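Presented below is the structure to which this report refers.
The values are calculated or read from the model by the stated rules, or taken from the named source; none is laboratory data. Predicted, not measured: the structure shown is a model, and the values here were computed from it. In this analysis, Cβ positions are derived from the backbone assuming ideal geometry, glycine residues included, and neighbour counts consider all displayed protein chains.
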Protein chains: 2
Amino acid sequence: MTAQRRVVAEVLDGDHVHLTADEVHARAVAKLPEISRATVYNTLGELVSLGEVLEVATDKRAKRYDPNAHRPHHHLVCAQCGAIKDVHPTGNPLSDLPTSERFGYTVSDVEVTYRGLCPDCTAA
Amino acid sequence: MTAQRRVVAEVLDGDHVHLTADEVHARAVAKLPEISRATVYNTLGELVSLGEVLEVATDKRAKRYDPNAHRPHHHLVCAQCGAIKDVHPTGNPLSDLPTSERFGYTVSDVEVTYRGLCPDCTAA
DNA sequence: AGCCGACACTGGACATTGTCCAAGTCGCAT
DNA sequence: ATGCGACTTGGACAATGTCCAGTGTCGGCT
């Protein structure tokens, strides 16, 4: 556990938000000015490998990192402003996929992204 | 309807696959050598706006384009080799999201990505 | 037929995101 | 103190996507 990794972990624990790698880097720099982008990417990659953090692909541009890796959940994304909320749907989508639709795959995980407009963008 | 747009549309109709923008460009060049990347991107963007083609974000690296826009479906992705299949789960995930979990959003769409290993990668 | 204007296309520069690598630095065990 | 190994750094590079100015093409009008 080096100073750099601690800073990255702190950034992610800080708020429960969904930051891009660049945003993580920006916030890490605020705490430890000499941290490099490469280190942030390395550390994020390690956290993902360790299962401490999830990569989410709600945004097509950049990966986002979700520190809430220990409780399964899905995401609700505003199509306009990009705001992201964690949601917990009822039911289990895995059981909605019949064997005949699995094409011999070993299905282990499912990722659900709801899209819509957040209250602010609905009003606007 | 210009020659360039026709070529892009033909590439997508050709097989029912999930191509990246670059793959679309490569195949378009085979049919019309002087087509430029910018035109492919523009045309893909227009097709998406028209609802003729869907952007899918199964891959974190590049957007893929799915010409099967008229029947709702979801995707099953091999975590190792990236192979993508269209699947049709039973049930409707939209109804699995209670009002209390919508945070005032106007939810209009849901995207489900199953992940696992395809038969080849399971064997290997 | 010839001109004109609108629109699409081209090619390349640029931006963003992410990966890689060689060299430097730090801490720890000896 | 010294040496080893792991971590970090900074920058180069790669992949993907966007933007823009210049050029070409096509239809309509005279």
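Residues in the range A:80-101 that are within 15 Å of B:HIS73 (Cα to Cα) and within 7 Å of chain B (Cβ to nearest Cβ): A:PRO93, A:ASP96, A:LEU97, A:PRO98, A:GLU101. Within the range A:47-64, restricting attention to residues that are in contact (Cβ under 8 Å) with a residue 12 or more places away in the chain and closer than 14 Å to A:ARG5 by Cβ, which residue is farthest from DNA strand C (Cβ to nearest atom)? Ranking the qualifying residues of the range A:47-64, first place goes to A:GLU52.
Restricting B:GLU34, B:GLU10, B:GLU23 to those that are out of contact with any Cys (no Cβ under 6 Å at 6 or more places or on another chain) and under 27 Å from A:THR58 (Cα atoms) reduces the list to B:GLU23.
Right, B:VAL77: part of a strand (DSSP E or B), at the interface with another protein chain (Cβ under 7 Å from one of its Cβ atoms) and of a type outside the set (D, E, K, R) or not? I'd like the intermediate steps shown before the answer.
On the way: part of a strand (DSSP E or B): yes; at the interface with another protein chain (Cβ under 7 Å from one of its Cβ atoms): no; of a type outside the set (D, E, K, R): yes.
Answer is no for this residue.
Could you please let me know if B:THR106 is more than 9 Å from every other protein chain (Cβ to nearest Cβ) and modelled with pLDDT of 90 or more? Answer is no for this residue. Within the range A:1-29, the set of residues being within 13 Å of DNA strand D (Cβ to nearest atom) and not in a helix (DSSP H, G or I) comprises A:MET1, A:THR2.
Out of all the residues in the range A:38-54, is one or more touching a strand residue (DSSP E or B) at 6+ places or on another chain (Cβ under 7 Å), under 25 Å from B:THR20 (Cβ atoms) and in a loop (DSSP other than H, G, I, E, B)? Spell out the reasoning first.
Taking the range A:38-54 as the starting set, the residues that turn out to be touching a strand residue (DSSP E or B) at 6+ places or on another chain (Cβ under 7 Å) are A:44, A:48, A:53-54.
Then keep just the ones that are under 25 Å from B:THR20 (Cβ atoms); that gives A:44, A:48, A:54.
Next cut, in a loop (DSSP other than H, G, I, E, B) only: none.
No, that holds for no residue.
Of all residues in the range B:19-30, those being more than 11 Å from DNA strand C (Cβ to nearest atom) and away from chain A (no Cβ under 14 Å) number 7.
In contact with a Leu (Cβ under 8 Å, 6 or more places away or on another chain) and farther than 30 Å from A:ALA123 by Cα - does that describe any residue in the range B:27-50? Please lay out each step first, then the result.
Initially, the range B:27-50 is screened for residues in contact with a Leu (Cβ under 8 Å, 6 or more places away or on another chain), giving B:27, B:47-48.
The next check asks that each one be farther than 30 Å from A:ALA123 by Cα; those that pass are B:27.
Yes: the range B:27-50 contains one or more residues that are in contact with a Leu (Cβ under 8 Å, 6 or more places away or on another chain) and farther than 30 Å from A:ALA123 by Cα.
Test B:THR43 against the criterion of being more than 14 Å from every other protein chain (Cβ to nearest Cβ), more than 10 Å from DNA strand D (Cβ to nearest atom), surrounded by 18 or more Cβ atoms within 10 Å (Cβ to Cβ) and without any contact (Cβ under 8 Å) to a residue 60 or more places away in the chain, and give yes or no. Before the answer, list the steps.
Values: more than 14 Å from every other protein chain (Cβ to nearest Cβ): yes; more than 10 Å from DNA strand D (Cβ to nearest atom): yes; surrounded by 18 or more Cβ atoms within 10 Å (Cβ to Cβ): yes; without any contact (Cβ under 8 Å) to a residue 60 or more places away in the chain: yes.
When the stated conditions are applied, B:THR43 passes them.
In the condition set (1) within 25 Å of A:ASP86 (Cα to Cα); (2) in contact with a His (Cβ under 6 Å, 6 or more places away or on another chain); (3) of a type in the set (Asp, Glu), B:ASP86 is compliant with all but (1). What residue, among those in the range A:46-58 that are within 14 Å of another protein chain (Cβ to nearest Cβ) and away from DNA strand D (no atom under 13 Å from the Cβ), is farthest from A:GLY82 (Cα to Cα)? So the residue we want is A:VAL48.
Of the residues B:ARG71, B:ARG61, which is exposed (fewer than 13 other Cβ atoms within 10 Å of the Cβ), over 14 Å from A:TYR114 (Cα atoms) and touching a Ser or Thr at 6+ places or on another chain (Cβ under 9 Å)? Steps first, answer last, please.
On the way: B:ARG71 fails: touching a Ser or Thr at 6+ places or on another chain (Cβ under 9 Å).
Within the list B:ARG71, B:ARG61, the selection yields B:ARG61.
Just to be sure I understand, how many residues within the range A:65-85 are over 10 Å from the mean Cα position of the chain (by Cα) and more than 13 Å from DNA strand C (Cβ to nearest atom)?
Looking only at the range A:65-85, we keep the residues that are over 10 Å from the mean Cα position of the chain (by Cα), and these are A:70-73, A:76-83, A:85.
After this cut, where a residue has to be more than 13 Å from DNA strand C (Cβ to nearest atom) as well, the list is A:70-73, A:76-81, A:83, A:85.
The total comes to 12.
Of all residues in the range A:31-40, which are within 11 Å of DNA strand C (Cβ to nearest atom) and surrounded by fewer than 13 Cβ atoms within 10 Å (Cβ to Cβ)? The answer is A:GLU34, A:SER36, A:ALA38.
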